[in-house]
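Contents: one structure, followed by commentary.
The values are calculated or read from the model by the stated rules, or taken from the named source; none is laboratory data. Fair warning: this is a prediction, and the values are worked out from it, not measured in the lab. Cβ: placed from backbone, ideal geometry, glycine included. Neighbour counts: every protein chain shown. Surface areas here come from the heavy atoms of the whole protein model, side chains and all, with no ligands, DNA or RNA. Shrake-Rupley method; radii C 1.70, N 1.55, O 1.52, S 1.80 Å.
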Amino acid sequence: MERSDFLVIGSGLAGLIFALDVADAGTVTVLTKSDPFEGSTRYAQGGIASVMDARDSFDAHVRDTHEAGAGLCHQDTVELAVREGPDAIAHLTRLGVAFDREGSGTYSLGREGGHSARRILHAADATGAEIQRVLLENALAHPNIRILADHIAVDLITSLTTHGEKEVVGAYALDRQTDMITSFAARATMLATGGVGKVYLYTSNPDIATGDGIAIAYRAGARVANMEFIQFHPTCLYHPKAKSFLITEAMRGEGACLRLPTGERFMPHYHQLAELAPRDIVARAIDDQMKKTGCDYVLLDITHRSADFIQSRFPMIYEKVKEFGCDITKEPIPVVPAAHYCCGGVVSDLDGRTGLLRLYTAGETAFTGIHGANRLASNSLLEALVFALRAARHAKGLLESLPMPNEIPEWDYVNTVKSSEGVLLSHTWDEVRRVMWNLVGIVRSNKRLTLARRRIAYIREEVREYYWKYFVTSDFIELRNISLVAELIINSALPRRESRGLHYNIDYPERNDKEWLRDSILTPSPHR
Ligand code: FAD
Ligand code: SIN
């Protein structure tokens, strides 16, 4: 058994900013399942939304967030994130993050869909890589922080307090190098494992995004909310070898148009903001055009801007797309929508507290209520930053009253036989991802959701009855988690008999405020 004051699961923006803040108060162990640099944070392109300009206002940012969120954003969460944004940005810059500035020294602010003003701080088109680099450098240099790469959390360890309340006293994690599982005890635990994109066949997300934190928390007894609201990013590069490569919405913010392969623009027929309409509308419009015309992709065209501008504003995308044979200064980019962001997650309050004592959550794993039924572009880095910092301050404040757990159980290696059918795992993975893409995607129906529920239930049973009998591997852990997350998405989507934001059901094409102006909350049964 290993011990530290704080256990952080995940080394993206949410996990590392929490770790750095609590490290002055105690020892911190950060578990991260791959390379510590890997995660969605490092791939963030557009930037981070915050009101930094006198021509903009908190009220406008709050209004835009609500507008995108289609009635479900929590007012208190939105207000708080927006108003604490500038201080949180200052915190990042003090750590060393360098956002682009104009010649005058003021921040260079980008614009993205749904924003009524320029308010996106960015580092060219590789904002996330800059943030991840700085946080990781700081964390690696901190004497109180220990980062364990290739350690994948399996489950939380819980016990009951003398008042009969459930508390989290640590977690089991598998070392992917040795296949051994260790228990990590802590006075407080932060769950920050990022998103769920890999539940879908096509996604902008990196491989780590298998919804582990959401599945782990749910199994431990935490509630999750709004899992039906999966955001599809409208523009991912369409190329057989371009795995998950995103083309930032900031490009549309700089005037790029969407066209059919015939050259015709179509977004003005769908929304008055055309290419800058909220993301759900743009993704559905592309899906609609692809179905109507039978084309495999649409085109994103920025060729009207000068080559100099394109190369300096989007240097990373320019280089990357060129590797696939397309010069974006001269020709339009073939794009398709892909699963991008989970607006739901583990229910948390404004200080990152979950319903389980000693367990905090932040970032894409958390549900704070900021995004409602559709996230406004670049509000997720803001959410991760503001609420992970708040969680850190809360956890530090409580530390004195949280004794170190005495003894926590070691992993019980009941099943020591290695499966000779490892290949089946990847087939089952693939099955989950295809079912979700085909039946629980951008456009849903009762029939599709019901079929999906049946198929995923069957796979979940297979996971319990077959795979669980063998020695635990990281592939198995991820399959167990994506299949549970798939079930949670379906179980949130099926009962919502309306269309709102990212949830579009052709059997109920209208929004129904009378019955559905509320979150979808899933409470685990005690016997799961
Ligand atoms: P992540 O950064 O994904 O970190 C998760 C961490 O948890 C990783 O270290 C991972 O290895 C670890 N982990 C996962 N499971 C386990 C486990 N079982 N055990 C141990 N460790 C585990 N948002 C914006 O606001 N602006 C943008 O411009 C933007 N662009 C984006 C572009 C792309 C391509 C993508 C994919 C997302 C983008 N987003 C953007 C969304 C945003 O990047 C993410 O929501 C945010 O970075 C999530 O941060 P996080 O700390 O919650 O998770
Ligand atoms: C992008 O750069 O288009 C992604 C922005 C986001 O997901 O918020």
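Checking the Cα-Cα distances for Lys292/Lys447; Lys198/Lys469; Lys396/Lys469; Lys166/Lys243 against a 30 Å cut-off, the pairs over it are Lys396/Lys469; Lys166/Lys243. Once you reduce segment 478-528 and segment 1-23 to the center of their Cα atoms, the two points are 31 Å from each other.
Taken as Cα centroids, segment 225-247 and segment 129-184 sit 28 Å apart, rounded to the nearest whole angstrom.
Could you check how much of the accessible area of segment 240-337 is carbon and sulfur, as a whole percent, using a 1.4 Å probe? Roughly 51 percent, rounded to a whole number. Close amide H contacts of Val224 (hydrogens built in the peptide plane, cut-off under 5 Å, sequence separation of 5 or more or a different chain): Val347, Leu522. Modelled spin labels at Phe324 and Asp175, positioned 7 Å past Cα toward Cβ, are 3.9 nm from each other.
Accessible area of segment 428-528 with a 1.4 Å probe: how many percent of it is carbon plus sulfur? Here it works out to 48 percent. Under the classification rounded if a/c is under 1.5, otherwise prolate if a/b is larger than b/c and oblate if not, where does segment 261-363 fall, given a ≥ b ≥ c as square roots of the Cα gyration tensor eigenvalues? Verdict is prolate for segment 261-363.
Among Lys33, Lys166, the sequence by solvent-accessible area, most first, with a 1.4 Å probe is Lys166, Lys33. Between Gln75 and Tyr458, the distance separating the two model label sites (each 7 Å from Cα on the Cα→Cβ line) works out to 4.8 nm.
Computed from the C-beta positions of Met316 and Ser57 and an R0 of 41 Å, the FRET efficiency is 0.85 to the nearest 0.05.
Spin-label pair Glu2-Leu273: with each label point 7 Å from Cα along the Cα-Cβ axis, the two points sit 4.4 nm from one another.
Per residue, the chain exposes an accessible area of 39 Å² to a 1.4 Å probe, with every protein chain left in place. Ranking Val78, Ser159, Ser499 by how far each Cα lies toward the positive end of the dipole of the chain (charges on Cβ) leaves Ser499 at the top. Overall form of segment 1-146: prolate. Here a/c, set by the Cα gyration tensor axes a ≥ b ≥ c, is 1.5 or more, and a/b is the larger of a/b and b/c. As an exercise, use a Förster radius of 25 Å and the Cβ-Cβ distance of Lys469 and Val423 to find the FRET efficiency, rounded to the nearest 0.05. The value I calculate is 0.90. Every helix of 4 or more DSSP H residues in the chain counts as -39500 (n - 2.57), and over all residues that averages to -11000 deg cm²/dmol at 222 nm. Cα centroids of segment 40-77 and segment 338-365: 18 Å apart.
Compute the Cα gyration tensor for segment 386-507, then decide on rounded, prolate or oblate, letting a ≥ b ≥ c be the square roots of its eigenvalues: rounded whenever a/c is under 1.5, prolate when a/b is larger than b/c in the other cases, and oblate in all that remain. Oblate is the answer for segment 386-507, as a/c is 1.5 or above yet b/c matches or exceeds a/b. Considering the options Leu359, Asn446, Thr329, tell which one lies farthest towards the positive end of the dipole of the chain, charges being +1 on Lys and Arg and -1 on Asp and Glu at the Cβ, about the Cα centre. Positive-end residue among those listed: Asn446.
When the chain is described by a simple charge dipole with +1 on each Lys and Arg Cβ and -1 on each Asp and Glu Cβ, the residue from Leu260, Tyr43, His61 located farthest towards its positive end is Leu260. At 1.4 Å probe size, with the rest of the protein present, what percent of the exposed accessible area of segment 1-58 is carbon and sulfur atoms? Exposed carbon and sulfur together represent 46 percent of the surface.
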